[in-house]
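Working notes for the structure below.
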Amino acid sequence: MTLAELENAKAESLQEIAAAADAAAVEALRVKYVGRNGSIPALIKAMKDVPKEERPAFGKAVQAWRAEVEAALAAKGAGSAGEKAVDADLTLPGRWRSLGVKHPLSRVIEETAAIFGKLGFTVADGPELENRFNNFTALNTPAHHPSMDRSDTFWFGDDCLLRTQTSPVQIRTMMQNKPPIRVICPGRTYRRDTTDATHSANFHQIEGLYVDTKPVSLADLKSVLAYFAKEMMGDGVTVRFRPHFFPFTEPSVEVDFSCHVCKGKGCAVCKQSGWIEVAGAGMVDPRVFRHVGYDPAEVSGYAFGFGVERIAMIKYGIPDIRWLYENDVRFLSQLA
Ligand code: PHE
């Protein structure tokens, strides 16, 4: 193309653009002249074939053509095909859509699963409506035990209740599997408690169970809970065991974490004791093994159980358990 031809082509293109009747026609011309395979980019690509001494002048002319075509297209509203004129102040701040955050109880459950996951524990599940055998009998709880009372437990008839603990998932897991077993079982639990700052009739527990044909000891239990304490509450947090009683473990212990706030010196959180009670635990009682068809001479194991609310309250400094159920965004969003 000579310079003269280029000027003609330019004049023609500008006329065409000026004559375009609607947005579709403008768009078609944009594609024709400055689109990726349009005639102007093609000319720029072909520039190497223009004799060297003509190149500067030719290049300038092509650039000028392009600029004029783009200006003419813009004047015709190219690039805004289909858009309506905006009748709003675009400098106003936008509408905020806040991102949700995970509930503290979900966080504790997920973190616990991740921590025990590293130790080879998987997550087991069971129903919230249980029978007497799984919730009490197989867990070696005598028929006269106060926890079975109607004033403590939500019964539906004689053999159906809202589980009072996650321990029945131990029974279900052992009845369905052979050792070795390593599970944690998070879930809802129910007791006829009157709601106050530290009690709720519906709360959450996480059960842990390890059973093996190799000897399992109280020291194994302690080391696993010490690891959990450190991972969940922070470096420097240790555990201590106090003798206790549970029908389904022997020996049984209550587990305290050293206070993560004062580091054991004594503060309001740990009621000046330096320790916070978090869990019940112990070595699985041989009677429990017999109930699920295991031979206590061949297997041994430990179990533990703790309240999810309790861990969440001490970890995040939540003074009232009811806040965990009210779904008040002012409270929940503080964990963002
Ligand atoms: N289920 C017991 C409770 O609710 C806790 C526990 C679990 C104790 C496992 C020992 C072993 O109090």
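Can you name the residue in the stretch 114-137 that is touching a Phe, Trp or Tyr at 6+ places or on another chain (Cβ under 8 Å) and among the aliphatic types (A, V, I, L, M) and, of all such residues, is least open to solvent (accessible area, probe 1.4 Å)? In this case the residue turns out to be ILE115.
Residue pairs whose Cβ atoms lie under 7 Å apart, separated by 6 or more positions or on different chains, with the first residue in the stretch 258-285 and assigned to a strand (DSSP E or B) and the second surrounded by 15 or more Cβ atoms within 10 Å (Cβ to Cβ) and acidic (Asp, Glu), are TRP275/ASP256; ILE276/ASP256; GLU277/GLU254; GLU277/ASP256; VAL278/ASP256; GLY280/GLU254; GLY282/GLU250; MET283/GLU250. Scanning the stretch 176-234 for residues that are in contact with a His (Cβ under 9 Å, 6 or more places away or on another chain) and either surrounded by fewer than 18 Cβ atoms within 10 Å (Cβ to Cβ) or assigned to a loop (DSSP other than H, G, I, E, B) (or both) turns up ARG188, ARG191, ASP193, GLY234. Among the residues of the stretch 290-324, the one identified as without any contact (Cβ under 8 Å) to a residue 40 or more places away in the chain and within 16 Å of the ligand (Cβ to nearest atom) is ARG310. Does ASN140 satisfy the condition of being more than 15 Å from the ligand (Cβ to nearest atom) and at pLDDT 95 or above? Here the answer is no, as ASN140 does not meet what is asked. Taking the stretch 1-103 as the region of interest, the helices (runs of 4 or more DSSP H) fully inside it that hold 1 or more residues being within 53 Å of the chain's Cα centre (by Cα) are 23-34, 39-45, 55-75. Of all the residues in the stretch 1-36, those that are over 17 Å from ALA78 (Cα atoms) and free of Cβ contacts under 8 Å to residues at least 12 places away in the same chain number 6. Under the condition of being buried (at least 18 other Cβ atoms within 10 Å of the Cβ) and touching a Cys at 6+ places or on another chain (Cβ under 6 Å), the residues counted in the stretch 262-279 number 2.
The values are calculated or read from the model by the stated rules, or taken from the named source; none is laboratory data. Values in this document were obtained by computation on a predicted structure and should not be read as measured data. No Cβ is skipped: glycine too gets one built from the backbone with ideal geometry, and neighbour counts run over all protein chains shown. Areas reflect the complete protein model, heavy atoms only, side chains present, ligands, DNA and RNA absent. Shrake-Rupley method; radii C 1.70, N 1.55, O 1.52, S 1.80 Å.
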